[in-house]
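Encoded as structure tokens, the structure appears first; notes follow it.
What follows is calculated from the coordinates using simple rules that are stated; it is not laboratory data. Keep in mind that what you see is a predicted model, and the values were worked out from it rather than measured.
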Amino acid sequence: MGHQQKKDFFLPKSSGGYDASKAPGPPGAFHCPCCGYRTFPVPPEDALAYICPVCMWENDVFTTSPDAPSDENHGLTLDQGRKNFHVYRVCDPRLAPYARPPKPEEFP
Ligand SMILES: [Zn+2]
């Protein structure tokens, strides 16, 4: 009897084309680069001018280094913002009245 050999097809394994960490997630799925709480609804690199409600850091997609002054944050660097957050719970003490405490679901 003519038995036709069945060929197995293998789908090519994805080789780094899809990054699950960059998939859109629910609000609060992404960490703020400054305070570290999960306040970002989209990955920080996509969060153009998003202001973190906890530390008031304005996301800066143009400044790539933590020690580079951020125009979005009046020349504050991300490093300075982080240090300020440790002391004042806000990236810039002047913005303290606008910041709010993190919600339980936003804890890292
Ligand atoms: Zn923050």
How high is the relative contact order of the range 43-108? Use alpha-carbon pairs under 8 Å, at least six apart in sequence, and give a whole percent. 28 percent
Cα-based shape type of the range 43-108, given that a ≥ b ≥ c are square roots of the gyration tensor eigenvalues and the cut on a/c is 1.5: oblate
